[in-house]
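This report concerns only the one structure given below.
The values are calculated or read from the model by the stated rules, or taken from the named source; none is laboratory data. Quantities reported herein were computed from a predicted structural model and do not represent experimental measurements. Here the Cβ positions follow ideal geometry from the backbone for every residue, glycine too, while neighbour counts run over all protein chains shown.
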Amino acid sequence: MKNTIFLLFIGIMIASCNQKTNSTKESTELTEKNTLTADSLTNELNEIYKRGYINGFSVAIVNPNEKLYQNGFGYANIEDKKEYTENTIQNIASISKISIAVALLKAKEMGLLELDDAINKHLPFEVLNPYFPNEEITIRQLATHTSSIVDSDFYWEKVYVLKDKLSDEQAKNKEFVDFFNTPDSYLPLSEFLEKMLHKDSEWFKKETFANRKPGEFNEYSNIGAALCALVIESAAKTPFNEFTKKHIFTPLEMNSTGWFFDEVDLDKFSKLYIDKTELPHYIGLTYPDGHLITSSSDLAKLLEELIKGYSGNGTLLNKDSYSELFKSQLEKKHFEEGDNDNVGIFIEKLITRNVIGHSGSDLGVFTLMFFDPEKKIGRILIKNTESESDEANQAFWDVWNTLEKYQDRLE
């Protein structure tokens, strides 16, 4: 009997060793395959970079559990030949609005506000559409771009402010002089928005509002997004940059991320370019709408969290909040005829492409961050170059489509 038990034990051990050997072999083969796939992806992206239309960019591919690929290409500083890596930081334009969305729903969870509250319940000054002064604007309308507050030409004239005074060489560029406001034009978020939106303020203009009732139509609004951030700030009695750091960036260990230059390591900051022309450092006074400074490596952590949240496993928000974030908020009547896409809370739902996320463009910046809700896999692309040439635009989309081509292979 003892011999039988002993032989059985030996047999189990041999089988177990064989299973471990096979498992190790499969794991090694998978790792080697993924390495080869990543190398092929890197080679293809390098070939696109070599066309010369993008000065520097970084990318990432993630699923809910890990980064499958991340890399940087080109230069963060052409003159100094400083490489652009996955840890290079720059402002990411309107992808920043996803931070407003998460912060808004966190504030709701904390009992500070409700999405259908009138914004004037929380703001330190009154905002009403002068064409419809008896119609209250709600927080949800800000978050779905249906508030009837719009980005006027006057808004664009005032919103960009230089970090530092232009150098003598930069001052020769008339476009810089005409476009950017001087550093002493800086205003805090609340003060700038009050000047623009309160009816008794010096910058108030009816053109900042559409002649349509709040809630009727979807029209993208940066100033409306920034106003939503101010609602959160007012309700939480905490500056918006501090609120997002506490409830988003710190929990996700996005340690290189911040809203202002003094919150980040400027040694990691990329120069921004229009073609090969270097731009001066600037900030938008409505900073929450598009001026988050981060890297593709840090941003990948937020994308992983969004994919988890879509599946009901997020950590920043509860299931109900994530459900609210991602559900289609509007109807066909809110969009132009023939538009089949929709929006969540400050999030784009491209129904025809079956992806969810956000895009962004700004001076010297073009960005994309989307995930496939069925495959649970997402992509990020950040570039430091703005260009109107067809070739540059094609190069950008070739990078994005190449990431899509490889994402399933990496999984």
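Here are the numbers for the structure shown:
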{"read-out": "All positions within segment 151-184 that are among the small types (Gly, Ala, Ser) and farther than 25 Å from residue 220 by Cβ", "value": "167, 171"}
{"read-out": "Meets criteria (free of Cβ contacts under 8 Å to residues at least 12 places away in the same chain and more than 16 Å from residue 101 (Cβ to Cβ)) for residue 238", "value": "yes"}
{"read-out": "Test: residue in segment 162-169 that is surrounded by 14 or more Cβ atoms within 10 Å (Cβ to Cβ), assigned to a helix (DSSP H, G or I) and in contact with a strand residue (DSSP E or B) (Cβ under 8 Å, 6 or more places away or on another chain)", "value": "no"}
{"read-out": "Segment 236-254: number of residues that are outside any loop (DSSP other than H, G, I, E, B), among the hydrophobic types (A, V, I, L, M, F, W, C) and in contact with a helix residue (DSSP H, G or I) (Cβ under 6 Å, 6 or more places away or on another chain)", "value": "4"}
{"read-out": "Residue count for segment 141-161, restricted to those that are of a type outside the set (A, V, I, L, M, F, W, C), crowded, with 20+ Cβ neighbours inside 10 Å and not in a loop (DSSP other than H, G, I, E, B)", "value": "2"}
{"read-out": "Scan of segment 340-393 for residues that are of a type in the set (Lys, Arg) and over 21 Å from residue 64 (Cα atoms), ordered by number", "value": "383"}
{"read-out": "Residue within segment 231-238 that is within 17 Å of the chain's Cα centre (by Cα) and either buried (at least 24 other Cβ atoms within 10 Å of the Cβ) or not hydroxyl-bearing (Ser, Thr, Tyr) (or both) present", "value": "no"}
{"read-out": "Subset of segment 78-121 [polar (S, T, N, Q) and over 23 Å from residue 298 (Cβ atoms)]", "value": "120"}
{"read-out": "Count of residues meeting criterion [of a type in the set (Val, Ile, Thr) and crowded, with 20+ Cβ neighbours inside 10 Å] in segment 181-222", "value": "1"}
{"read-out": "Enumeration of residues in segment 302-337 that are in a helix (DSSP H, G or I) and among the aromatic types (Phe, Trp, Tyr)", "value": "310, 322, 326"}
{"read-out": "Residue list for segment 334-348, filter: free of Cβ contacts under 8 Å to residues at least 60 places away in the same chain and touching a Lys or Arg at 6+ places or on another chain (Cβ under 9 Å)", "value": "339, 340, 341, 342"}
{"read-out": "Cross-chain or 6+ apart pairs with Cβ under 7 Å, segment 74-98 first and at pLDDT 95 or above and outside any strand (DSSP E or B), then surrounded by 24 or more Cβ atoms within 10 Å (Cβ to Cβ) and aromatic (Phe, Trp, Tyr)", "value": "84/57; 97/346; 98/346"}
{"read-out": "Selection from segment 98-127 of residues that are crowded, with 19+ Cβ neighbours inside 10 Å and within 18 Å of residue 206 (Cβ to Cβ)", "value": "127"}
{"read-out": "Residues that are in a loop (DSSP other than H, G, I, E, B) and within 16 Å of residue 266 (Cα to Cα), drawn from segment 278-301", "value": "279, 280, 281, 291, 292, 295"}
{"read-out": "Test: residue 363 is surrounded by fewer than 20 Cβ atoms within 10 Å (Cβ to Cβ), closer than 22 Å to residue 101 by Cα, under 17 Å from the mean Cα position of the chain (by Cα) and among the aliphatic types (A, V, I, L, M)", "value": "no"}
{"read-out": "Qualifying positions in segment 149-175 - without any contact (Cβ under 8 Å) to a residue 40 or more places away in the chain, closer than 14 Å to residue 286 by Cα and among the hydrophobic types (A, V, I, L, M, F, W, C)", "value": "156"}
{"read-out": "Qualifying position, being closer than 30 Å to residue 369 by Cα, β-branched (Val, Ile, Thr) and modelled with pLDDT under 95, among 42, 37", "value": "37"}
{"read-out": "Search result, residues across segment 108-150 that are under 24 Å from the mean Cα position of the chain (by Cα) and on the phi > 0 side of the Ramachandran plot", "value": "145, 148"}
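Per-residue answers, yes or no, for (1) at pLDDT 95 or above; (2) within 18 Å of the chain's Cα centre (by Cα); (3) closer than 27 Å to residue 242 by Cβ:
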residue: 308; (1), (2), (3): yes, yes, yes
residue: 314; (1), (2), (3): yes, yes, yes
residue: 320; (1), (2), (3): yes, no, yes
residue: 325; (1), (2), (3): yes, yes, yes
residue: 340; (1), (2), (3): no, no, no
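Table: residues versus (1) out of contact with any His (no Cβ under 9 Å at 6 or more places or on another chain); (2) surrounded by 21 or more Cβ atoms within 10 Å (Cβ to Cβ); (3) not in a strand (DSSP E or B).
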| position | (1), (2), (3) |
| --- | --- |
| 352 | yes, no, yes |
| 359 | yes, no, no |
| 371 | yes, yes, no |
| 380 | yes, yes, no |
| 392 | yes, no, yes |
| 402 | yes, no, yes |
